[in-house]
1. Among the residues in the range 110-118, are any over 18 Å from Ala211 (Cα atoms), touching a helix residue (DSSP H, G or I) at 6+ places or on another chain (Cβ under 9 Å) and open to solvent by 50 Å² or more (accessible area, probe 1.4 Å)?
2. Of the conditions (1) surrounded by fewer than 21 Cβ atoms within 10 Å (Cβ to Cβ); (2) touching a strand residue (DSSP E or B) at 6+ places or on another chain (Cβ under 7 Å); (3) not in a helix (DSSP H, G or I), Ile160 clears all except one; give me its number.
3. Name every residue in the range 171-218 that is crowded, with 20+ Cβ neighbours inside 10 Å, in contact (Cβ under 8 Å) with a residue 60 or more places away in the chain and part of a strand (DSSP E or B), in order of residue number.
4. Can you pull out every residue in the range 117-131 that is farther than 17 Å from Gln199 by Cβ and in contact with a strand residue (DSSP E or B) (Cβ under 9 Å, 6 or more places away or on another chain)?
5. Among the residues of the range 38-58, which ones are more than 15 Å from Ile14 (Cα to Cα), touching a helix residue (DSSP H, G or I) at 6+ places or on another chain (Cβ under 6 Å) and not basic (Lys, Arg)?
6. Taking the range 129-157 as the search range and keeping residues that are open to solvent by 60 Å² or more (accessible area, probe 1.4 Å) and within 26 Å of Leu93 (Cα to Cα), which one is farthest from the chain's Cα centre (by Cα)?
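The values are calculated or read from the model by the stated rules, or taken from the named source; none is laboratory data. Quick caveat: nothing in here was measured; it's all calculated off a predicted structure. Reconstructed Cβ throughout: ideal geometry from the backbone, glycine too, with neighbour counts over all protein chains shown. Heavy atoms of the whole protein, side chains included, go into the accessibility calculation; ligands, DNA and RNA do not. Shrake-Rupley method; radii C 1.70, N 1.55, O 1.52, S 1.80 Å.
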Amino acid sequence: MNTEVVSSSERRAIILEKLKSNGQVFVNELADIFQVSQETIRRDLNRLEEQRLIKKIHGGAVSSQFGFEMEFNERAKIAAVEKKAIARNAVKLFKPGDSLFVDFGTTTLEFTRQLVEINELTVITNSPLIANILHENDTIKTILIGGEFISSKFECVGAIALDNIKRFFVDYAVIGAGAVHADVGVMDQDINEASVARQMIENSSRTVVLADGHKLHNHATTLVSGWEKIHYLFTTQEGSSAKKNKFPANVRVTFAKIDADV
């Protein structure tokens, strides 16, 4: 291949082929291969990302689907042991016959992996991943909320999702959190995710928040709910400064113990 005469469209096609073979490409290597500047390669990657064919990362790019998987897996690794401990404790709250909303997040996903062992539940979620896990138990009635699909987070949000949630009323809303503060309440960094969680809370009798201890005594940009609508908080870091937070009396706080074999 004479790289000196490769057009921009040919370059992008070759980049996509390399992504299929290798899963990842790097700006500096592509610049050497095509004998063009790194800025030219960045423009190629920008165009491919606009077409939703790739996901740019620092120094290069991955395919769009692999980009989601890598991003999600990295998020899931954060406080993974704590999330498992939280899930094992939280799932004890539920029994056959209960109905619940479950929003999408790495902690609620771990919770769902254990919730699936309980029969005769009704679970409403905005996450295809969570719905797929629940599908393993055919006694669980699973309702998948539609809406604007956000591929980078594998969830449905937006006006359609909120309208669909309003059509149901359940026993529990189980939500994750971007931040939890004893003086403020539960917060999230993503406005759309906060709106989904807020509507789930509004249409349920009780609210369960799952948040690892790293999120305690922190703030995020969007308030999901004050403590007046929160009934349970499952978290970690018992015995640390996290436990010194004075949560309202109406909130039952459980600090999950982390076992060595989790």
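1. Of the range 110-118, the ones over 18 Å from Ala211 (Cα atoms) are 116-118.
From the residues that got through so far, the ones that are touching a helix residue (DSSP H, G or I) at 6+ places or on another chain (Cβ under 9 Å) too are 116-118.
So of that shortlist, the ones also open to solvent by 50 Å² or more (accessible area, probe 1.4 Å) come out as 117.
Yes; the residues of the range 110-118 include at least one that is over 18 Å from Ala211 (Cα atoms), touching a helix residue (DSSP H, G or I) at 6+ places or on another chain (Cβ under 9 Å) and open to solvent by 50 Å² or more (accessible area, probe 1.4 Å).
2. Of (1) surrounded by fewer than 21 Cβ atoms within 10 Å (Cβ to Cβ); (2) touching a strand residue (DSSP E or B) at 6+ places or on another chain (Cβ under 7 Å); (3) not in a helix (DSSP H, G or I), only one is false for Ile160: (3).
3. Answer for the range 171-218, where residues must be crowded, with 20+ Cβ neighbours inside 10 Å, in contact (Cβ under 8 Å) with a residue 60 or more places away in the chain and part of a strand (DSSP E or B): Tyr172, Ala173, Val174, Ile175, Ser204, Val208, Leu210.
4. Step one: filter the range 117-131 for residues farther than 17 Å from Gln199 by Cβ, giving 117-122, 128-129, 131.
Selection gives Glu120, Leu121, Thr122, Pro128, Leu129, Ala131.
5. Within the range 38-58, just Gln38 meets the criteria.
6. Pass one, the range 129-157, residues open to solvent by 60 Å² or more (accessible area, probe 1.4 Å): 132, 135-136, 138, 141, 144, 148-149, 151.
Now restrict to residues that are within 26 Å of Leu93 (Cα to Cα): 132, 135-136, 138, 141, 144.
Values: Asn132: 15, His135: 19, Glu136: 20, Asp138: 24, Lys141: 22, Leu144: 16 Å.
Looking at residues that are open to solvent by 60 Å² or more (accessible area, probe 1.4 Å) and within 26 Å of Leu93 (Cα to Cα), I get Asp138.
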